[in-house]
Amino acid sequence: MTKRSFKIDKDIFRENLNKYTKKAFHMLPELDNPFILDIGCGSGAPTMELARLCNGQIIGLDINQSLLDDLTKKIKEAGLSDRVRPVKCSLFELDFPDETFDIIWSEGSIAVIGFERGLKEWRRFLKPSGFLVIHDDIKNFPEKCELVSSCGYDLVGHFKLPGDVWWREYYSPLEEYITKVRTEYGNEHEALLVCDNEQQEIDMFKKNPSRYGSVFFIMQKMKKF
């Protein structure tokens, strides 16, 4: 962070959760040179982890150009411009040919479109027997499990991240960093506003940490549906 931007790079803390992206990826069978679509990639913490985990081609898709600019910078710094490509697009306007991707990945973004709608609409973009990996809110978990098969997928597996994981590995380190920023930039109004905004999210978490549990679903497209 610099005094000019007053921007907190939350990917520093989001990357603490990359071990769970890795765990989900290793629940898939080994695929050679998979074509992956990362929907709602943001600034690309999971996207870059996927690039480290395989030798495939990856499209990171998001509607926020500022976040995509951050991802573009990471791609260039890692020398991955030949394998990872950011694309600006809304989740509501996906326009890829049918059966394009071996894997569709989505961490924290399917809630924008809805779990059932996402499963139904994204299915056609998967190759036969392709895989869909979703990281979503744990709310309505039993109902979501039922939707997996009714939307045309086999559930390969799943695992949960309880609220204490989010506190220990994301929100607590972020709060410690915010405290340091307040000390260093105590006279900078803009910096303090950024800190206040981030602290609001942390305080919401503290009020109801169990609500922030999440779950990874690893699914495979049914051949006949």
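How many of the residues making up the stretch 19-31 are buried (at least 17 other Cβ atoms within 10 Å of the Cβ) and modelled with pLDDT under 95?
Number satisfying all stated conditions: 0.
Looking at the stretch 130-153 only, could you name the residues that are outside any helix (DSSP H, G or I) and on the phi < 0 side of the Ramachandran plot?
Across the stretch 130-153, the qualifying residues are 130, 131, 132, 133, 134, 135, 136, 137, 138, 139, 151, 153.
Tally the residues that are surrounded by 18 or more Cβ atoms within 10 Å (Cβ to Cβ) and out of contact with any helix residue (DSSP H, G or I) (no Cβ under 7 Å at 6 or more places or on another chain), restricting the search to the stretch 205-219.
Residues flagged as surrounded by 18 or more Cβ atoms within 10 Å (Cβ to Cβ) and out of contact with any helix residue (DSSP H, G or I) (no Cβ under 7 Å at 6 or more places or on another chain) within the stretch 205-219 amount to 1.
Could you tell me which residue of the stretch 154-204 is surrounded by the fewest Cβ atoms within 10 Å (Cβ to Cβ), considering only residues that are among the charged types (D, E, K, R) and assigned to a strand (DSSP E or B)?
Applying the filter and picking the extreme gives 160.
Within the stretch 32-49, track down each residue that is crowded, with 17+ Cβ neighbours inside 10 Å and charged (D, E, K, R).
38, 49
Which of the residues spanning the stretch 104-129 are surrounded by 23 or more Cβ atoms within 10 Å (Cβ to Cβ) and assigned to a strand (DSSP E or B)?
Result: 104, 105, 106, 107, 126.
Listed residues 96, 101, 92; which is free of Cβ contacts under 8 Å to residues at least 60 places away in the same chain, surrounded by 12 or more Cβ atoms within 10 Å (Cβ to Cβ) and assigned by TED's automatic domain parsing to the domain that holds residue 120?
Of 96, 101, 92, the one residue that is free of Cβ contacts under 8 Å to residues at least 60 places away in the same chain, surrounded by 12 or more Cβ atoms within 10 Å (Cβ to Cβ) and assigned by TED's automatic domain parsing to the domain that holds residue 120 is 96.
Looking at the structure I just gave you, is residue 31 over 17 Å from residue 87 (Cα atoms), in contact with an Asp or Glu (Cβ under 9 Å, 6 or more places away or on another chain) and either in the same structural domain as residue 217 (by TED's automatic domain parsing) or hydroxyl-bearing (Ser, Thr, Tyr) (or both)?
Yes; evaluated as a whole, the condition is true for this residue.
Which members of the stretch 166-176 meet the condition of being in contact (Cβ under 8 Å) with a residue 24 or more places away in the chain and either of a type outside the set (D, E, K, R) or assigned by TED's automatic domain parsing to the domain that holds residue 19 (or both)?
166, 167, 170, 171, 173, 174
Restricting the search to the stretch 151-210, which residues are among the aromatic types (Phe, Trp, Tyr) and modelled with pLDDT under 95?
166, 167, 170, 171, 177, 185, 205
Can you tell me which residue within the stretch 50-83, out of those that are in contact (Cβ under 8 Å) with a residue 24 or more places away in the chain and among the acidic types (Asp, Glu), is surrounded by the most Cβ atoms within 10 Å (Cβ to Cβ)?
Here the residue is 62.
If the Cβ limit is 7 Å and pairs must be 6+ apart or interchain, which residue in the stretch 27-46 that is among the polar types (S, T, N, Q) pairs with which residue that is in a loop (DSSP other than H, G, I, E, B)?
33/55; 33/56
Answer yes or no: is there a residue in the stretch 128-135 that is over 27 Å from residue 209 (Cα atoms) and among the hydroxyl-bearing types (Ser, Thr, Tyr).
yes
The values are calculated or read from the model by the stated rules, or taken from the named source; none is laboratory data. Model, not experiment: these values are computed from the prediction. Note that we place each Cβ from the backbone using ideal geometry, even for glycine, and neighbour counts take in every protein chain shown.
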